[in-house]
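As structure tokens, the structure follows; a few thoughts come after it.
The values are calculated or read from the model by the stated rules, or taken from the named source; none is laboratory data. Treat the numbers as computed from the prediction; the structure is a model and nothing was measured. Here the Cβ is made from the backbone with ideal geometry for all residues, glycine too, and neighbour counts use every protein chain on show.
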Amino acid sequence: MIFHLTSRKPVLIVGNGARSAEISELIYKFINKTHIPVLTSMNTVDMVQDKYRIGFIGTYGNRISNMILNECDLVISVGARLGLRQIGHKKELFAPKAKLVRCDVDQYELAREIKPDEEDYNLDAKAFMEQLIAEDIPDYSEWWNKCHEAKKVLEGYDDTDGNKLIDKIAQVLPENPIVTVDIGQTVCWTAQSLWLKGTKGRIIIGGSYGAMGVGLPYAIGASISTGNGIVYCITGDGGLQMNIQELETVKREKLPIKILVVNNKELGKISEIQHGSYGDRFCITTEESGYSVPDFERVATAYGIKAATLDSYEELDEYKDWLEDKEPCLLNILLPSLTLLIPKIKWETCTIKPDLDEATLEKVNALIGV
């Protein structure tokens, strides 16, 4: 038997191997049968959405997901390699109270031991999940409800303007959208805060397969592959400049791609590191240190794509018609500079920063703690 019946606080983690095995429906079937909370890797945040969504784990993961991971007593990992960005560099601090069960089709991933007493299954994710679902697993509704209540306690706690912008995008998107995301702060904010209506939408994240600038090319491919379907591309000002010439492809092929530029006029992921670790010694990442951005509205217009500049993400409601029609568009959404990316697991200590205030911590611990 895969499942440990002695478990009181189990969780399932799904990674990109679960997507490759095309087991999205099995994941939802597992949740509905057992009410065991499901967490994801960054690349698979879209596999658990709507009312089922809790969040993803790891360095820039949702705080609640990492806190649940710290308190659970059983982790079943399916198709997630559990790399350093997910478990931290101190393996003994990963899910410290939990027994670990791993399923991976790659035997060499399983050879990289996470816990000395882990149970490994060198199986295809679909075969593993079918076997797991067939087992007589208790209903964990009480644990499920506590995890979701704890999530509500933390709603908005870590939200920066970047998170609020992505949340606003989520509000105006239709059910089951296709969204492509660029690399940088944008991908982290999106993974943290983009919630989808429905369970069949896609958030296409490059992960290690694409560098900064992949958002727009991904959107072009996704649109063409769906018969010139509507695709929403969330990109940054730096990412868009890497492949800005592809606006001509969008216009020429009449692709209804909705380009949402998160524009803080800086290379945010790098400038944030220069701010936090190098005493604000910025180099070619901010306007003052040698980085600049064009007027994206005028550039898009020159390509023949309708465009507008929004001083605030709150103005997105005024452009809902643009996001629903069959024409391409570009919305240049301005964001304050040095908008930070939080929370973050510190490399040195594997603790989540910034710290929670005591009152909020007590509320969360009362739900998911001992």
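Observations
- The number of residues in segment 39-53 being without any contact (Cβ under 8 Å) to a residue 60 or more places away in the chain, surrounded by 22 or more Cβ atoms within 10 Å (Cβ to Cβ) and within 16 Å of K151 (Cα to Cα) comes to 3.
- The number of residues in segment 352-364 being surrounded by 12 or more Cβ atoms within 10 Å (Cβ to Cβ) and either in a loop (DSSP other than H, G, I, E, B) or in contact (Cβ under 8 Å) with a residue 24 or more places away in the chain (or both) comes to 6.
- The condition of being of a type in the set (K, R), modelled with pLDDT of 95 or more and in contact with a strand residue (DSSP E or B) (Cβ under 7 Å, 6 or more places away or on another chain) holds for only one of K152, K168, K164, K99, that being K99.
- Looking only at segment 100-119, residues that are in contact with an Asp or Glu (Cβ under 7 Å, 6 or more places away or on another chain) and basic (K, R) come to 1 in all.
- Check on I27, buried (at least 19 other Cβ atoms within 10 Å of the Cβ), assigned by TED's automatic domain parsing to the domain that holds E130, assigned to a loop (DSSP other than H, G, I, E, B) and in contact with a strand residue (DSSP E or B) (Cβ under 9 Å, 6 or more places away or on another chain): no
- Restricting segment 251-265 to residues that are more than 26 Å from the chain's Cα centre (by Cα) and in contact (Cβ under 8 Å) with a residue 40 or more places away in the chain leaves a set whose member that is surrounded by the fewest Cβ atoms within 10 Å (Cβ to Cβ) is K254.
- Test: A211 is small (G, A, S) and within 24 Å of I27 (Cα to Cα): no
- Of residues in segment 135-177 being assigned to a loop (DSSP other than H, G, I, E, B) and without any contact (Cβ under 8 Å) to a residue 40 or more places away in the chain, the one surrounded by the fewest Cβ atoms within 10 Å (Cβ to Cβ): D136
- With a requirement of 1 or more residues that are of a type in the set (V, I, T) and either in contact (Cβ under 8 Å) with a residue 24 or more places away in the chain or closer than 27 Å to N365 by Cα (or both), the helices (runs of 4 or more DSSP H) lying completely within segment 54-131 that satisfy it span 63-71, 84-87.
- For N43, the criteria (1) at pLDDT below 95; (2) part of a loop (DSSP other than H, G, I, E, B) hold in every case but one, which is (2).
- Considering the conditions (1) touching a helix residue (DSSP H, G or I) at 6+ places or on another chain (Cβ under 7 Å); (2) farther than 15 Å from S65 by Cβ, M1 is excluded by exactly one of them, (1).
- Among residues that are in the same structural domain as T235 (by TED's automatic domain parsing), surrounded by fewer than 18 Cβ atoms within 10 Å (Cβ to Cβ) and outside any loop (DSSP other than H, G, I, E, B), E315 is included.
- Cβ separations smaller than 8 Å between residues 6+ apart or across chains give the following pairs from segment 280-303 residues that are touching a residue at least 12 places away in the same chain (Cβ under 8 Å) and surrounded by fewer than 18 Cβ atoms within 10 Å (Cβ to Cβ) to residues that are acidic (D, E) and part of a loop (DSSP other than H, G, I, E, B): E287/E266.
- Lone qualifier among G227, G304, G268, G221 - being under 22 Å from L341 (Cβ atoms) and among the small types (G, A, S): G268
- Here segment 197-250 is the region considered, the condition is being among the charged types (D, E, K, R) and crowded, with 16+ Cβ neighbours inside 10 Å, and the residue that is farthest from R298 (Cα to Cα) is R202.
- Members of segment 24-43 that are more than 20 Å from A95 (Cα to Cα) and touching a Cys at 6+ places or on another chain (Cβ under 7 Å): none
- Hits in segment 8-26 (condition: under 19 Å from the mean Cα position of the chain (by Cα) and of a type in the set (D, E, K, R)): R19, E22
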